[in-house]
Amino acid sequence: MGRDRLHLLFLSQFPPGPPTFGAQRRMEGLMAALARRHDVTGVALLAPDLDASAALRAMRAYCEEVVLVPARAWQGPRKRLLQLRSLLSTRSFERGFHDLPALRRALDSLLSRRAFDVVNVAFPFLALRRLAKAPPGRPPPRLLLDEHNIEFDLARQQTGNELGAARRIYNSINWRKIRREELEVWRRFDGVTFCSTQDEARARALVPEVRSAVIPNAVDPEYFRPRPDDPPADGRTVIFFGAINYFPNVDGLLYLLREVWPRVAQSHPRARLQIVGQHPTKEILAFQGPSVEVLGRVDDVRPHLARAAVSVVPLRIGGGTRFKVLETMAMARPVVSTSLGAEGIDAEPGRHLLLADDAASFAAAVGRLLDDAQLGARLGGEGRALVERRYSWQAAAHGLDLFFRELLAE
């Protein structure tokens, strides 16, 4: 077989599908698009609360071979005990939590019997040294890390926003371990991909020699698109959607509920905030009332986006790029975001979306869109056109394919 068709191994700490949150959507989008031209194998850890048969079905749609390895439970007292023990270790909690003997055995077996051109690792926590392995007589694969965020910086930001002294102390110790490990992977791996030029610049400031490329997050513009049978925009619904057990989302939602929404509710008494996403916390659920609805997880977010007058992205911490911005734009709905929430997306304020970085201006921007349906339609149309031009999975996978070939040509 010629070099045109590559053998690719994707390794992650959870299955890419069925996707219910952003990291899964990135992995599945890239893997499915690359599988049109290459042979893709997927290896993932499977938490006890996930459905193995559903994960297998989803991954077999684009993978030649799927290996799922049982993982530890991410929640519960055992995790807390492991976090406490990790304070005495030189390794970060995340590296120790995911580095399982069963995973090492599965990878050793797979890499010993199959030759891969590239091993693509999602997140730095599974970037193991044993991945540079191949059957006898075959060259080792190129190793590539896909950074959904700069993980140590996300953990550092979380330290300053956590409630409770114990969590702050733990995070202040752990993020420094993640930083040391993450920078070591940037130096050791053949290549690193980032979601945004901003993250790439931050990485190069720390490790100038890192070989990197920007592979942005994207959407399927055929799936996320206005449909004739979608409900019309109602002129009063403000929607937030995303995983509500993800700390940057929780922090942003609490900021929205405490500081922004009271201003919106006062100026627009008919406005209704709809919160959509898996695992809403007790803190978020406590805000339910006549003008705030917490739906939790939904099977299809598209009808909710179609009905909304505006989608809000009130994030104050985080990295990478936000799917909630791209998916809203693809549905031709308007977005109000903080500057950080829209970071990494080549969107022009006032043309593709509205930006606001304090509570008063955020509430005012939301109010503008509640009052002016034509402005919302114009922003939504421009956002949709931007997604079609720049942010499809085929375009993102093409860029990743080119980076694979650069690494293999060396």
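The values are calculated or read from the model by the stated rules, or taken from the named source; none is laboratory data. Because the structure is predicted, anything quoted here is derived from the model rather than measured. FYI the Cβ positions are ideal-geometry reconstructions off the backbone, even for glycines, and counts take in every protein chain you see. For the accessible areas, the whole protein counts, side chains as well, though only heavy atoms, and no ligand, DNA or RNA atoms are used. Shrake-Rupley method; radii C 1.70, N 1.55, O 1.52, S 1.80 Å.
Taking amide H atoms as placed 1.01 Å from N in the peptide plane, the amide H of V67 lies under 5 Å from those of G42, V43, A44, each 5 or more residues away in sequence or on another chain.
Dipole check for the stretch 232-275: with +1 at the C-beta of Lys and Arg, -1 at the C-beta of Asp and Glu, and the Cα centre as origin, the magnitude is about 200 Debye.
Sorting 347-356, 378-387 by average packing, meaning the other beta carbons within 10 Å per residue, from highest down gives 378-387, 347-356. When peptides 106-119, 203-216 are ranked by their average number of other Cβ atoms within 10 Å per residue, the highest-first order is 106-119, 203-216. Per-peptide packing, taken as the mean over residues of other Cβ atoms within 10 Å, places 25-37, 396-408 in the sequence 25-37, 396-408 from highest down.
Ordering Y223, Q157, A213 by Cα displacement along the dipole of the chain toward the positive end leaves Q157 in first place; charges were set at the Cβ atoms of Lys, Arg (+1) and Asp, Glu (-1).
If the Kirkwood radius is taken over C-alpha pairs of the chain, then at 20 °C and 1.002 mPa s the Stokes-Einstein diffusion coefficient equals 96 µm²/s. Rolling a 1.4 Å probe over the protein heavy atoms gives the stretch 280-370 an accessible area of 34 Å² per residue.
Normalising the Debye intensity of the stretch 173-283 to I(0), with uniform scatterers on Cα atoms only, and taking log10 at q = 0.17, 0.21 Å⁻¹ returns -1.03, -1.15. Evaluate the relative contact order of the chain (contact order divided by residue number), counting alpha-carbon pairs under 8 angstrom at least 6 apart; express in whole percent. Rounded, it is 14 percent for the chain. About the centre of its Cα atoms, the stretch 87-187 shows a dipole size close to 420 debye [charges on the beta carbon of Lys, Arg (+1) and Asp, Glu (-1) only; nearest 20 debye].
Cα centroid separation, the stretch 58-100 to the stretch 243-317: 30 Å. The share of Cα pairs per 10 Å bin across the stretch 64-140, counted from zero up to the longest distance, runs 16, 43, 27, 13, 1 percent.
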